[in-house]
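Participant: Structure in structure tokens, see below.
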Amino acid sequence: MDFKRKLLSFLYIFLFPVIVLAQTTSGSAFRLVPLGVFGGIDESNLSAYMLAPAGSNNYICLDAGTLHFGIEKAVARKSFTVPASVVLRQYIKGYFISHSHLDHIAGLIINSPEDSTKNIYALNDCIETIKTHYFTWKSWANFADQGETPALKKYRYKVLEPGTEIPVENTELKVQAFPLSHSNLTSTAFLVSSKDSYLLYLGDTGPDEIEKSSNMQNLWQAVAPLVKSKKLKAILIEVSFPNEQPDKTLFGHLTPKWLMTEMDKLASLTGTDAVKGLNIVVTHLKPPAASISKIKVELKEANKLQLNLIYPQQGKALNF
């Protein structure tokens, strides 16, 4: 029985990836597998997106609100043809955490006993919160390489410097971090590159006008040349509330109106022709279902730039 188990594990790890690669859409640069797509109270479907270059099983995980349930969902939807444990332990090579709120990191904490050794990448403020509040022996266990003793050293903290592109260990990807404003907290945008193609993921963020910040403007200025050259394949950006949500209770989030305001700023830097058809993956929609429906209607009505609005589904792979 032990021999059979080892043989099956070998087949899953070394043979099944060939099937996965054959399923990759021709001409795409990235494969994105959403493990969790909502904000709010549903702990089974919170922000987490696995991303790899097309034709590779070396993924990073952009945020990690939901892991196990999302991976199981992806396996059920045939986005992966290997067991969930193989995806968690073998396919995910590192975590990029945008900020320290639980809906973006709970899955990483809960799944840590079953995970394999890898890196956690984040800005310094986020790393410090994980180190002092989550991976401690009073709240869980210290599975990292720093902080309370004993440190189990399963995870290695990698502090990102804003604006500095780094290669991601054990992948073909490079990532550059940009700070965002999320109410009283610093969030992060991750610009991911594979060869000469890019994908931009934004953690939770509010508009510059409300946040009294220039972070979004700085981000658009940085990526505008990539949009103009068609090298930026998709932007993942949150819309948490419908337009009826008062600005004073946005708490560092976007509405359809504010998303389109930000897209107008990007278009002012690139020209409207450059953003026409740009893939915008709308993340972090907050239940109830009625609010999500309103958000979709409002975005459609406000989409004067003819953006390609995409609503990710948990476990269903997307190719860009």
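The values are calculated or read from the model by the stated rules, or taken from the named source; none is laboratory data. Bear in mind that the values here come from a model prediction, so they are computed numbers and not experimental data. No Cβ is skipped: glycine too gets one built from the backbone with ideal geometry, and neighbour counts run over all protein chains shown.
Participant: Based on what the data block shows, is Leu309 touching a strand residue (DSSP E or B) at 6+ places or on another chain (Cβ under 6 Å), at pLDDT 95 or above and under 30 Å from Ala76 (Cα atoms)?
Facilitator: Yes: the conditions hold for Leu309.
Participant: Moving on to the next point. Report, by residue number, each residue of the stretch 297-309 that is of a type in the set (Lys, Arg) and not in a loop (DSSP other than H, G, I, E, B).
Facilitator: Correct list: Lys300 only.
Participant: Another question, if that's okay. Which is modelled with pLDDT of 95 or more, among the hydrophobic types (A, V, I, L, M, F, W, C), in contact with a Phe, Trp or Tyr (Cβ under 6 Å, 6 or more places away or on another chain) and in a helix (DSSP H, G or I), of Leu219, Leu259?
Facilitator: That would be Leu219, the only listed residue that is modelled with pLDDT of 95 or more, among the hydrophobic types (A, V, I, L, M, F, W, C), in contact with a Phe, Trp or Tyr (Cβ under 6 Å, 6 or more places away or on another chain) and in a helix (DSSP H, G or I).
Participant: Within the stretch 64-92, how many residues are closer than 13 Å to Leu32 by Cα and outside any helix (DSSP H, G or I)?
Facilitator: Residues meeting the conditions: 3.
Participant: Please go through (1) surrounded by fewer than 19 Cβ atoms within 10 Å (Cβ to Cβ); (2) in contact (Cβ under 8 Å) with a residue 60 or more places away in the chain; (3) assigned to a strand (DSSP E or B) for Val159 and return the number of the only condition it doesn't satisfy.
Facilitator: Looking at each condition in turn, Val159 falls short on (2).
Participant: Can you find, within the stretch 170-190, the residue that is nearest to Ile210 (Cα to Cα) among those that are surrounded by 21 or more Cβ atoms within 10 Å (Cβ to Cβ) and aliphatic (A, V, I, L, M)?
Facilitator: Going through the qualifying residues, I end up with Leu180.
Participant: Out of all the residues in the stretch 96-108, is one or more surrounded by fewer than 17 Cβ atoms within 10 Å (Cβ to Cβ), among the small types (Gly, Ala, Ser) and modelled with pLDDT of 95 or more?
Facilitator: No, the stretch 96-108 contains no residue that is surrounded by fewer than 17 Cβ atoms within 10 Å (Cβ to Cβ), among the small types (Gly, Ala, Ser) and modelled with pLDDT of 95 or more.
Participant: On the given criteria, is Thr132 polar (S, T, N, Q) and either part of a strand (DSSP E or B) or crowded, with 18+ Cβ neighbours inside 10 Å (or both)?
Facilitator: It is false that Thr132 is polar (S, T, N, Q) and either part of a strand (DSSP E or B) or crowded, with 18+ Cβ neighbours inside 10 Å (or both).
Participant: In the stretch 310-320, which residues are surrounded by fewer than 18 Cβ atoms within 10 Å (Cβ to Cβ) and either in a helix (DSSP H, G or I) or hydrophobic (A, V, I, L, M, F, W, C) (or both)?
Facilitator: Ile310, the sole residue that qualifies.
Participant: Taking only the stretch 169-197 into account, find how many residues are in a strand (DSSP E or B), touching a Phe, Trp or Tyr at 6+ places or on another chain (Cβ under 9 Å) and farther than 12 Å from Gly252 by Cα.
Facilitator: Taking the stretch 169-197 as the starting set, the residues that turn out to be in a strand (DSSP E or B) are 174-182, 185-194, 197.
Retained after the next criterion (residues that are touching a Phe, Trp or Tyr at 6+ places or on another chain (Cβ under 9 Å)): 175-178, 182, 188-192, 194, 197.
Checking the rest, the ones that are also farther than 12 Å from Gly252 by Cα come to 175-178, 188-192, 194, 197.
Residues in the stretch 169-197 being in a strand (DSSP E or B), touching a Phe, Trp or Tyr at 6+ places or on another chain (Cβ under 9 Å) and farther than 12 Å from Gly252 by Cα: 11 in total.
Participant: With more than 24 Å from Ser98 (Cα to Cα) and touching a strand residue (DSSP E or B) at 6+ places or on another chain (Cβ under 8 Å) as the only criterion, which of Gly277, Gly252 stands out?
Facilitator: Gly277
Participant: Something else now. Could you tell me how many of the residues in the stretch 279-293 are hydroxyl-bearing (Ser, Thr, Tyr), within 19 Å of Gly252 (Cα to Cα) and over 15 Å from the mean Cα position of the chain (by Cα)?
Facilitator: Going residue by residue through the stretch 279-293, those that are hydroxyl-bearing (Ser, Thr, Tyr) are 283, 291, 293.
After this cut, where a residue has to be within 19 Å of Gly252 (Cα to Cα) as well, the list is 283, 291.
Then keep just the ones that are over 15 Å from the mean Cα position of the chain (by Cα); that gives 291.
Count: 1.
Participant: Is there a residue in the stretch 237-254 that is out of contact with any Phe, Trp or Tyr (no Cβ under 6 Å at 6 or more places or on another chain), of a type in the set (A, V, I, L, M) and part of a helix (DSSP H, G or I)?
Facilitator: No - not one qualifying residue is present in the stretch 237-254.
Participant: Follow-up. So in the stretch 30-63, with the set limited to residues that are assigned to a loop (DSSP other than H, G, I, E, B) and of a type in the set (D, E, K, R), which one is nearest to Pro242 (Cα to Cα)? Working first, answer last.
Facilitator: Of all residues in the stretch 30-63, those assigned to a loop (DSSP other than H, G, I, E, B) come to 37, 39-45, 47, 54-58.
With of a type in the set (D, E, K, R) added as a condition, the list becomes 42-43.
Numbers: Asp42: 18, Glu43: 21 Å.
Checked the stretch 30-63; the qualifying residue nearest to Pro242 (Cα to Cα) is Asp42.
Participant: Is there a residue being without any contact (Cβ under 8 Å) to a residue 60 or more places away in the chain, assigned to a helix (DSSP H, G or I) and of a type in the set (Lys, Arg) anywhere in the stretch 276-284?
Facilitator: No, the stretch 276-284 has no match at all.
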